[in-house]
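Report on one structure; see the data block that follows.
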Amino acid sequence: MKHKTFILLVLSLLLSACSTPAADSGKLQVVTTIGQIGDAAMNIGGDLIDVQPLMGPGVDPHLYVASEGDVTTLQNADVILYNGLYLEAQMVGIMEQISEYKTVVAVAESIPSEQLLASPIYPDEHDPHVWFDVQLWSIVVEQVRDTLMEADPANAAAFEANAAAYLAELQELDAYVKEQAERLPAEQRILITAHDAFNYFGRAYGFEVMGLQGISTQSEASTSDVQDLATAIVERQVPAVFIESSVPVRTVEALQEAVRARGHEVAIGGQLFSDAMGSPNTPEGTYLGMVRHNIDTIVGALLGGN
Ligand SMILES: [Zn+2]
């Protein structure tokens, strides 16, 4: 709480200073929260804009609190893109404040609400993890494109052309994920992970999804969650469960222990990139690479159980 009050204070001081400094490069300055949105902006903007994602590899957006440096970065941006749908739960206040004087867009909120899943834990919220359904993510990419075109009309034609090429890549990616998923018989498509990030993935690609921690990492997995899931793993003979790059591994290890106590073994099938992408300059440091890594890891581990 103290920290939040401090940030709001810093923010109002910056606001009272009042001038928005022009970027040295003369390029449109775009700041995003999660890397997935930054990646979309980089693909659309290319060399014509500067993009800075605040949340790097392994960072959990549900818990992320803006640092003093982030407040300055946000203050200097021309355009701020965040997911919304309550993903960045600790940054809602800051985004609302800044949106009073500059372009701040919750890009996932451009998806028609009838296509969104409900949050199983917050009664009035939607599930924010929309990037796992490549078709839904395409709608988000269109929103990023439209925002950039409006903010920098001189480069609108280039943004439009780049976005068209990227959207075509997303269509190929979606086909690839479907093709890989179909290598698994329907009854083997059971995905168990540390937190409930994969419900859109499950709906789009035909997986039954069970998470240990609920939809946000803000709540800890309870002992009964672990026991219920261990029972399901034994009954359904699930060969592998998965860890996530942005969630501590201990909850999944507790699950493995509980399965072992029932006289069975479940493997850790690998690490998935759920809420954060991989390191820059690795294939998983891009949205396309992260989605490919996830489906390859999931299918490989679940098929390996045969
Ligand atoms: Zn999450």
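The values are calculated or read from the model by the stated rules, or taken from the named source; none is laboratory data. Quick caveat, the model's predicted, so the values are computed rather than measured. FYI the Cβ positions are ideal-geometry reconstructions off the backbone, even for glycines, and counts take in every protein chain you see.
Here A194 qualifies as of a type outside the set (S, T, N, Q) and within 16 Å of the ligand (Cβ to nearest atom). Restricted to the stretch 204-297, the set of strands (runs of 3 or more DSSP E) holding at least 2 residues that are more than 16 Å from the ligand (Cβ to nearest atom) comprises 240-244, 267-272.
Exactly one residue out of F159, F201 is within 16 Å of the ligand (Cβ to nearest atom) and at pLDDT 90 or above: that is F201. For the stretch 80-93, the candidate set comprises residues that are more than 15 Å from the ligand (Cβ to nearest atom) and crowded, with 23+ Cβ neighbours inside 10 Å; within that set, the residue that is nearest to R145 (Cα to Cα) is L81.
How about the stretch 1-76: which helices (runs of 4 or more DSSP H) wholly inside it have at least 3 residues that are surrounded by fewer than 22 Cβ atoms within 10 Å (Cβ to Cβ) and at pLDDT 95 or above?
Output list reads 68-76.
Of S219, S224, S245, all but one fail to be surrounded by 15 or more Cβ atoms within 10 Å (Cβ to Cβ), modelled with pLDDT under 95 and among the polar types (S, T, N, Q); the exception is S245.
Considering only the stretch 202-225, I want to know if a residue exists there that is among the charged types (D, E, K, R) and in contact (Cβ under 8 Å) with a residue 40 or more places away in the chain. There is at least one residue in the stretch 202-225 that is among the charged types (D, E, K, R) and in contact (Cβ under 8 Å) with a residue 40 or more places away in the chain. Would you say P128 is assigned to a loop (DSSP other than H, G, I, E, B), modelled with pLDDT under 95 and assigned by TED's automatic domain parsing to the domain that holds A41? The answer is no for P128. Tell me, which residue of the stretch 177-203 that is in contact with a helix residue (DSSP H, G or I) (Cβ under 7 Å, 6 or more places away or on another chain) and assigned to a helix (DSSP H, G or I) is farthest from R292 (Cα to Cα)? So the residue we want is Q188. Of the candidates T33, T72, the single residue that is in contact with a Phe, Trp or Tyr (Cβ under 6 Å, 6 or more places away or on another chain) and more than 15 Å from R145 (Cα to Cα) is T33.
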